[in-house]
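Read the structure below first, then the notes.
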Amino acid sequence: MTKNAKLDFIDISATPRSMLDHLLDTATSLKAKYQSTGRNDPLATGKVLAMIFEKPSLRTRVSFDVAMQHLGGAALYISPAEIGLGKRESVADAARVLSGFCDVLMARTFAHQTILDLARFSRSPVINGLSDHSHPCQAMADLLTIRERFGKLRGLTLAYIGDGNNVARSLLEACARFEMKFRIATPPQYRLDAASITTACQTHPDFDFSATHDPRAAVQAADVIYTDTWISMGQEDEKQQRLAVFGPYQINSALLSAAPAHAMVMHCLPAYRGVEITDEVMDGPQSAVFVQAENRLHFQKGLLAVQLAGV
Ligand code: CP
Ligand code: NVA
């Protein structure tokens, strides 16, 4: 990676496999260094990350901030009320101004187009910290977690159960890119959009993908069972109609009994315990949810090190 090249991280499908491998390897080595010595090299001294949030966050906000601190840099939290993105000021002008101050921008938005527009007009790299379309930092941290557990990615089966949402879309792209098998079980009215599936299958002709409405069928040969909330941020008004159909898609002991005993359970969090996942599973021996959450820090530290220091 050439120092100072603008490396946006918007989607897994838009990032070459060689760069994704490099990001995972960098994250792994920075994690090992941090865990063995309690520190990382100051790869981002004097650098500042701007974090724009149109939606709430615990993991994304804190892990990006801590990652910058570990690398010797700083992070600024910018709320929508402060900058009025697209209202007080156009997205293009905000990107131009912020990238004059800050070395990298991360944004969590409703519309994916806002992140694309930020990237278009920013001179600094832009990171997608979740949009209605995708959540690539989450999926890459998840791959890190899966690789740590199984020692590989290729050939593993990930079964996603629940809503065909932003997290599911990034996992689809991740599995396609890393030659993993992807199974998805959703209610008929909440399936993953056909365009995303078609693109993944056309770009990766050997991609082993199948969609069903039967969660037990989806988990049958799963190495990883993954779920997310049934009501994403911005969908709160749909809560009752969603709860009415998602019940059979809960990750519980009965569903785990239909899966291989070694299957690892993942959830990007925040979890609605007793809704999409039971306490018993989330706190059980197959759950990797808190390792997975911690790996947000390590993946993003790797990403920032590559973007800011060209490692
Ligand atoms: N998983 C995740 O992105 O969590 P936050 O919404 O808390 O950032
Ligand atoms: N699908 C969820 C993910 C939260 C991290 C949402 O968009 O709210």
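Here, each number is a calculation from the coordinates, and none is a lab measurement. Please read these numbers as outputs of a predicted model, since none were measured by experiment. We place every Cβ from the backbone using ideal geometry, glycine too, and count neighbours over all the protein chains shown.
Quick notes on this structure:
- Alpha carbon convex hull of region 166-274, volume per residue in cubic angstrom: 107 Å³
- Converting phi to 3J(HN,Hα) with the Karplus coefficients 6.51, -1.76 and 1.60 and the offset θ = phi - 60°, region 115-132 yields 5, 4, 5, 4, 5, 5, 9, 8, 7, 9, x, 10, 10, 7, x, 3, 10, 4 Hz in sequence order, with x at every glycine or proline.
- Gained length - ALA254 relative to ALA195, 0.36 nm times residue gap less alpha-carbon distance: 18.0 nm
- For VAL91, VAL275, the sequence from fewest to most other C-beta atoms within 10 Å is VAL275, VAL91.
- Tail weight of P(r) past 37 Å, computed on alpha-carbon pairs of the chain, percent: 13 percent
- Table column - 3J(HN,Hα) (Hz), region 168-185, Karplus curve with 6.51, -1.76, 1.60, x for Gly and Pro: 4, 5, 5, 5, 4, 5, 5, 5, 4, 5, 9, 6, 9, 8, 10, 10, 9, 10
- Helix 136-150 axis versus longest C-alpha principal axis of the chain: approximately 60°, rounded to the nearest ten.
- Peptide ranges 229-236, 218-225 listed from the most packed, as the mean C-beta count within 10 angstrom indicates: 218-225, 229-236
- C-alpha long axis of helix 289-309 to longest principal axis of the chain, angle in °: 30 degrees
- The alpha-carbon of LYS33 sits under 18 angstrom from the alpha-carbons of these aspartates and glutamates, leaving out residues fewer than 8 places away in its chain: ASP25, ASP41, GLU148, GLU294.
- For region 1-65, the alpha carbon convex hull comes to 132 Å³ per residue, rounded to a whole number.
- Under 5 Å from the amide H of ARG108 lie the amide H atoms of ILE52, PHE53, GLU54, GLY129, each residue being 5 or more positions distant or on a separate chain, with H modelled from the backbone and absent for Pro and chain starts.
- Counting 0.36 nm for each residue step from ASP25 to LEU58 and taking away their Cα separation leaves a gain of 9.4 nm.
- Two-decimal ratio, region 56-163, of alpha-carbon radius of gyration to 2.2 N^0.38 Å: 1.23
- Simple point charges give the picture: +1 on the Cβ of Lys and Arg, -1 on the Cβ of Asp and Glu, and for the chain a dipole about the Cα centre of about 700 debye.
- Listed peptides 287-298, 171-182, 252-263 by packing density, highest first (mean Cβ within 10 Å): 171-182, 287-298, 252-263
- Share of Cα-Cα pairs in region 27-68 lying beyond 17 Å, as whole percent: 43 percent
- Residue among HIS298, ALA217, LEU243 farthest towards the positive dipole end of the chain, charges placed on Cβ: HIS298
- Debye-sum result for region 99-151 in log10 I(q)/I(0), which assumes one identical scatterer on each alpha carbon, at q = 0.16 Å⁻¹: -0.54
- Pairwise FRET efficiency - ARG123 versus PHE150, Cβ, R0 = 41 Å, nearest 0.05: 0.55
- What the phi angles of region 76-81 give under the Karplus curve with 6.51, -1.76 and 1.60, with θ = phi - 60°, is a coupling list of 10, 8, 10, 8, x, 5 Hz, glycine and proline written as x.
- Percentage of interatomic Cα-Cα distances in region 270-311 larger than 17 Å: 49 percent
- Only DSSP H runs of four or more residues enter the estimate; each adds -39500 (n - 2.57), and after division by the residues of the chain the mean residue ellipticity at 222 nm equals -13000 deg cm²/dmol.
- Cα→Cβ-extended label distance, 7 Å offset, between GLU236 and GLU179, nm: 4.6 nm
- Going from the residue with the fewest nearby Cβ atoms within 10 Å to the one with the most, TYR249, TYR77, TYR190 rank TYR77, TYR190, TYR249.
- Computed E for ALA32/ASP214 - FRET, C-beta separation, R0 41 angstrom, nearest 0.05: 0.50
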